[in-house]
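Since the structure comes first, as structure tokens, the remarks are kept for the end.
The values are calculated or read from the model by the stated rules, or taken from the named source; none is laboratory data. The shown structure was predicted, so the numbers you read here are calculated from the model rather than taken from an experiment. Neighbour counts run over all protein chains shown; Cβ positions are idealised from the backbone, glycine included.
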Amino acid sequence: MEASSAAEGEDKKIWTLEKESELRFEVGPDKSFTVVLLEQSAEIFGVELAVNTEYHFSAGAKVAVFTWYGCKLQTTRTAEVLYVAKDTPMLSYVNTHIQLEARRDQALSKLSKGEKAVGPRVLVAGATDSGKSSLCAVLCAYAVRLGRTPTFVDLDVGQGEITIPGTVSAVSLDSGTLSIEERLSLAAPLTFFYGHDSPGENPELFRHMVSRLAECVEQRQANDRDAAAAGTVVNTCGWVDGLGLELLRHCIDALSIDIVLVMGHDKLYAELMADSEALPDDAPPRTVVKLPTSGGVVQRSAQQRRQGRAARVREYFYGAPHAERRASPALTPTLLELRMDSVRVCRVGGTQLSGGLLPVGQAALLGPTRVSMVKPSHDLLHAVLAVCHPVLKPDGTALVPGEEGGLDDAGQEIADCNVAGFVYVTEVDMVGRRLVVMSPCPGDLPSAYLLVGGIRWSE
Ligand SMILES: Nc1ncnc2c1ncn2[C@@H]1O[C@H](COP(=O)(O)OP(=O)(O)O)[C@@H](O)[C@H]1O
Ligand SMILES: [Mg+2]
């Protein structure tokens, strides 16, 4: 861009930060912003900056560069908001981290003696824009910096930080998966497709997906001592009353959470505290802790949240902005043509009819977690579809649509399986009986079974 190259050098600014302070910035629309650490040490959401390395942030980024011991930074270009804050909650966050570390050490020493143990299973709860995701990022990064391999679980279907919105996912972290500019993109996640951006859309299915994910996380940790000792950090969505609270309680139970961190919300804290006090004596104890929200956390409007969701989907297909300069392999989004009769598009629990409205005997088929087949139509245009892993027949070979034992046999398994990835429908040709979809990489899809929900995206 001409304007920015002409301005090079003009907007450079040097900042000297005192210990335990942070530089906060928000990058405006169509702008970009860079930060370089010149001296000493600093971190962004727990991940350390390397000295003399330029970090780029694109439109919409809201970030704090925090320093424990003081540092000198250089910023280039302008940000919409740019200021230094000395009052941060980082001390209480690091204290929480220290307590988690003690539990990890305990778990590891028991596990190495052959005893049964698991590390801390932490869930972060709070209202929308209370700093939940940021705290999860800090706790995960601090654990990874000490060589731990914690599991990060994202149950916020509204934002979908690990893959795309509409999913619940888990990812095993290590030093190779954390980066400043592209939060988790190098990791291979375990993802279940719920299909909607609010848990209220199909609460039964949400519960089901969370339980399935919890089983898989437990299995993975049972086979990996370090992962078990490092434990789990769970991010949740900001719906914390009524049904939202019920669903949050389900998440706490399903993932056997033993530490709940509540972001500055007195009512939620009191409710979750009462739950933990009411646990039976023989149940494992659960600690509930209230933590302060950072004054830097930015409130987002409904429109900004929608834009955030769209940006996550774009990033899934095209890679993070500035990805060309990164270690991650560049994505080459590719258009694929699929014959309608060679794929099966399915929906999980699409129809929400109460029992009384259904023909006799149909109730079970249309329940909230039942799989039904969707006839391809123009309704699929711009839908984001999850691509299932191959559905295997008892003999171990992959099931092909139209084959004997087709969807009726495979159907219910589809709702229980994690997904391989996503495509997005760019064209529906009813005359030629074909769908054109965009995939983030070239090559055939892993299976012909696709799941549709309510997630849509258009460029
Ligand atoms: N200390 C901070 N300074 C500047 N921006 C911040 C800070 N902490 C969080 N943010 C930003 O505020 C926004 C909301 O925070 P987030 O952690 O995503 O909240 P939640 O997950 O509860 O909705 C995010 O864009 C995040 O990057
Ligand atoms: Mg969040």
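Name the residue that is farthest from the chain's Cα centre (by Cα), counting only residues in region 352-394 that are assigned to a helix (DSSP H, G or I) and modelled with pLDDT of 80 or more.
First pass over region 352-394, keeping only residues assigned to a helix (DSSP H, G or I): 355-357, 363-366, 378-380.
Pick out the ones that are also modelled with pLDDT of 80 or more and you get 378-380.
Details: His378: 30, Asp379: 27, Leu380: 25 Å.
Top of the filtered list is His378.
For Ala102, state whether it is without any contact (Cβ under 8 Å) to a residue 40 or more places away in the chain and more than 16 Å from ligand 2 (Cβ to nearest atom). Walk me through how you get there before you give the answer.
Values: without any contact (Cβ under 8 Å) to a residue 40 or more places away in the chain: yes; more than 16 Å from ligand 2 (Cβ to nearest atom): yes.
Yes; evaluated as a whole, the condition is true for this residue.
Among the residues of region 430-459, those that are over 21 Å from the mean Cα position of the chain (by Cα) and among the basic types (Lys, Arg) comprise Arg433, Arg434. Val153 satisfies every condition listed in (1) of a type in the set (Val, Ile, Thr); (2) within 19 Å of Val94 (Cα to Cα); (3) surrounded by 22 or more Cβ atoms within 10 Å (Cβ to Cβ) except (2).
Residues in region 207-245 that are surrounded by fewer than 21 Cβ atoms within 10 Å (Cβ to Cβ) and farther than 22 Å from Phe193 by Cβ: 8 in all.
Among the listed residues Phe33, Phe66, which satisfies the condition of being closer than 20 Å to Glu182 by Cβ, within 12 Å of ligand 1 (Cβ to nearest atom) and in contact with a Ser or Thr (Cβ under 9 Å, 6 or more places away or on another chain)?
Phe66
Looking at this structure, is Tyr93 hydroxyl-bearing (Ser, Thr, Tyr) and within 16 Å of ligand 2 (Cβ to nearest atom)?
Working: hydroxyl-bearing (Ser, Thr, Tyr): yes; within 16 Å of ligand 2 (Cβ to nearest atom): yes.
Answer is yes for this residue.
Among the listed residues Ala61, Ala79, identify the single one that is at pLDDT below 95, farther than 22 Å from Pro150 by Cα and within 16 Å of ligand 2 (Cβ to nearest atom). Write out each step before concluding.
Values: Ala79 fails: within 16 Å of ligand 2 (Cβ to nearest atom).
Residue meeting the stated conditions: Ala61.
Scan region 142-154 and tell me whether some residue there is within 16 Å of ligand 1 (Cβ to nearest atom) and over 21 Å from Met263 (Cα atoms). Give the derivation first.
Within region 142-154, the first condition is being within 16 Å of ligand 1 (Cβ to nearest atom), and the residues that meet it are 142, 152-154.
The next check asks that each one be over 21 Å from Met263 (Cα atoms); those that pass are none.
Scanning region 142-154 turns up no residue that is within 16 Å of ligand 1 (Cβ to nearest atom) and over 21 Å from Met263 (Cα atoms).
Does Glu204 satisfy the criteria of being surrounded by fewer than 18 Cβ atoms within 10 Å (Cβ to Cβ) and in contact with a Pro (Cβ under 6 Å, 6 or more places away or on another chain)?
On the way: surrounded by fewer than 18 Cβ atoms within 10 Å (Cβ to Cβ): yes; in contact with a Pro (Cβ under 6 Å, 6 or more places away or on another chain): yes.
For Glu204, the condition - surrounded by fewer than 18 Cβ atoms within 10 Å (Cβ to Cβ) and in contact with a Pro (Cβ under 6 Å, 6 or more places away or on another chain) - is met.
The set of residues in region 105-143 that are part of a loop (DSSP other than H, G, I, E, B) and more than 13 Å from ligand 2 (Cβ to nearest atom) comprises Lys113, Gly114, Glu115, Lys116, Ala117, Val118, Gly119, Pro120. Candidates Gly131, Gly126, Gly70: the one that is of a type in the set (Gly, Ala, Ser), closer than 30 Å to Phe33 by Cα and in contact with an Asp or Glu (Cβ under 8 Å, 6 or more places away or on another chain) is Gly70.
Can you pull out the strands (runs of 3 or more DSSP E) entirely within region 46-88 that have at least 1 residues that are among the aromatic types (Phe, Trp, Tyr) and closer than 17 Å to Val27 by Cβ? Can you show your working first?
Working: elements: 54-58, 62-67, 71-76, 81-85.
Output list reads 54-58, 81-85.
Checking each residue in region 102-131 for being out of contact with any His (no Cβ under 9 Å at 6 or more places or on another chain) and either hydrophobic (A, V, I, L, M, F, W, C) or within 16 Å of ligand 1 (Cβ to nearest atom) (or both) picks out Ala102, Ala107, Leu108, Leu111, Ala117, Val118, Val122, Leu123, Val124, Thr128, Asp129, Gly131. Looking only at region 221-256, count every residue that is more than 16 Å from ligand 2 (Cβ to nearest atom), within 18 Å of the chain's Cα centre (by Cα) and closer than 21 Å to His97 by Cβ and tell me the total. Residues flagged as more than 16 Å from ligand 2 (Cβ to nearest atom), within 18 Å of the chain's Cα centre (by Cα) and closer than 21 Å to His97 by Cβ within region 221-256 amount to 4.
Report yes if some residue within region 152-162 is of a type outside the set (Gly, Ala, Ser), modelled with pLDDT under 95, within 12 Å of the chain's Cα centre (by Cα) and more than 10 Å from ligand 2 (Cβ to nearest atom); otherwise report no. Quick ask: steps written out before the conclusion?
First, pick out the residues of region 152-162 that are of a type outside the set (Gly, Ala, Ser): 152-157, 159, 161-162.
Subset that is modelled with pLDDT under 95: 159, 161-162.
Within this subset, residues satisfying the condition of being within 12 Å of the chain's Cα centre (by Cα) are 159, 161-162.
Next, only the ones that are more than 10 Å from ligand 2 (Cβ to nearest atom) stay: 162.
Yes: one or more hits.
Sub-7 Å Cβ pairs linking a first residue in region 148-164 that is on the phi > 0 side of the Ramachandran plot and assigned by TED's automatic domain parsing to the domain that holds Gly231 to a second residue that is of a type in the set (Gly, Ala, Ser) and assigned to a loop (DSSP other than H, G, I, E, B), at least 6 apart or interchain, are Gly160/Gly166, ordered by first then second residue.
Inspect all residues belonging to region 155-165 and state whether any of them is within 16 Å of ligand 1 (Cβ to nearest atom) and of a type in the set (Ser, Thr, Tyr). So far as region 155-165 goes, no, none of its residues is within 16 Å of ligand 1 (Cβ to nearest atom) and of a type in the set (Ser, Thr, Tyr).
Per-residue answers, yes or no, for (1) under 20 Å from Ser179 (Cβ atoms); (2) surrounded by fewer than 24 Cβ atoms within 10 Å (Cβ to Cβ); (3) modelled with pLDDT of 95 or more; (4) in the same structural domain as Ala420 (by TED's automatic domain parsing):
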residue	(1), (2), (3), (4)
Lys132	no, no, yes, no
Cys136	yes, no, yes, no
Leu146	yes, yes, yes, no
Gly166	no, no, yes, no
